[in-house]
Amino acid sequence: MVPNCSHTKNFLLNAAYSKNLLFRMVAFLYSLKCAGCRAMYIQARHTSNLLKRELFRECPPSVLRTVYSRTRPRRNGVISRIVETIFLHPRIAFGSSAIVAAVIAVMGYYMITTTMDGPVYSSSEIELAQRQIEETFNLLVPLIHSAELNLKEDIIMRQVIPPLRDGIATTTELISKGIRQ
Amino acid sequence: MIRRLFVVSTILILSSVILKTQPLLEQQPGYLHFEEFALFKDLESSMEFQIGESLLRLVANAAEYESKELASVLRKLKLIRSYTFDLSDRPLDVLETYTEQFNRRLLDDRWDIVYRTRERETSASIYIKEVNEKVAGLALLSIETDHTVTIVNIVGEVNLDELSALAQRFGFPDINNSR
């Protein structure tokens, strides 16, 4: 054993029974310093694992529930409390899982039927729709095209060209005045 | 395992709620409720059709080989509906009143007029409904010389530039030259 043996022993035992993986890794590396420490640490880990397994196997569920309810991390949220209450009691958990399974089944059925049971069209219906769309566009598209042309013409002829023409005239006049002076 | 099931079911329920809360076609901003207009309440259409999104997709797929531009236009649409009314028994001034009422109603409903032509016995108006700087719907009112009134409503993203380009692509006649 390494010097300061009682401290080392406590440290290794604490680590062996700890849930903290990092703590256990540090302890394991530390135990590699001597064969005695390593043997003790491995033995303690083995006992810890055995205890955990046996505890959960042997203990009645009511005891486990009590232990869990006493040691669980406290949360303040209403939803988390409801979820914890559901999962603490086997009957409620079973009931809620049955409800969840039913909801998934219904939702799955709903989603499949809504996507699969869409309207089925015959080729004559599609052809008719094509003709109707064509008729609509024959009426609409030339109007829109002409509206766009009118708009462009209106903007260019009335709003762009006159101010541009005035600007050029003013500039020319100023330049000619400057040359005369 | 149960927790995972719980999470999956919650996601499924939420997604179904989102799907359910998507607006119906009639609630789309580009849907024109012209049936509610007083002037069309007692009228019976001589011809009408409605082409929904699924049929539009099929037609778009069929059009893909001939014209990608047309397919692209059709894929963005949700509905095309057209109604034709035979109003040959109504005098011209009544039709003009109808047109004015239609125009006023659409402008009140925040539709914008983009085209309007008026000749002796024919007229045509195109209105668009814009949402977030995108055209969400288009409406056309056309009155022909035989007093046939046609209303077309296109619901969905209508790109006017793409539609205008179709005119050049397919050589539709320029309305100003043809009249």
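What follows draws every value from the coordinates through simple rules; no lab data is involved. Values in this document were obtained by computation on a predicted structure and should not be read as measured data. For neighbour counting, all protein chains shown are included, and Cβ atoms are generated from backbone atoms with ideal geometry for every residue, glycine included.
Quick check on the range B:45-87: take the gyration tensor over C-alpha atoms, sort the square-rooted eigenvalues as a ≥ b ≥ c, and tell me if it's rounded (a/c under 1.5), prolate or oblate.
Prolate.
Residue A:150 versus residue B:97, label points 7 Å from Cα toward the beta carbon: distance in nm?
It works out to 2.6 nm between the two label points.
Could you pull out every one of the lysines with an alpha carbon less than 23 Å from that of residue B:41, ignoring same-chain neighbours closer than 8 positions?
Straight-distance partners of residue B:41: B:129.
Over 10 Å intervals from 0, what percent of Cα-Cα pairs in the range B:61-117 sits in each interval?
Pair shares across the bins are 17, 29, 28, 21, 5.
For the range B:89-152, what does the convex hull of the Cα positions come to per residue, in cubic angstrom? Please report the intermediate quantities before stating the final value.
Values: hull volume 4.3 nm³, N = 64.
Measuring per residue, one finds 67 Å³ for the Cα hull of the range B:89-152.
Give the average, rounded to an integer, of partner chain Cβ atoms located within 10 angstrom of each Cβ in B:103-109.
Partner Cβ neighbours, averaged per residue: 0.
Looking only at other chains, what is the average number of their beta-carbon atoms within 10 angstrom of each beta-carbon in A:122-132?
On the way: counts 0, 2, 0, 3, 5, 2, 3, 10, 6, 2, 9.
What the average comes to for A:122-132 is 4.
Counting Lys +1, Arg +1, Asp -1, Glu -1, what net charge surrounds residue B:74 among other residues with beta carbon under 13 Å of its beta carbon? Can you show the working numbers first?
Numbers: positive: B:57, B:68, B:75, B:76, B:78; negative: A:134, B:53, B:64, B:66, B:69, B:157, B:162.
Every neighbour counted, the sum reads -2.
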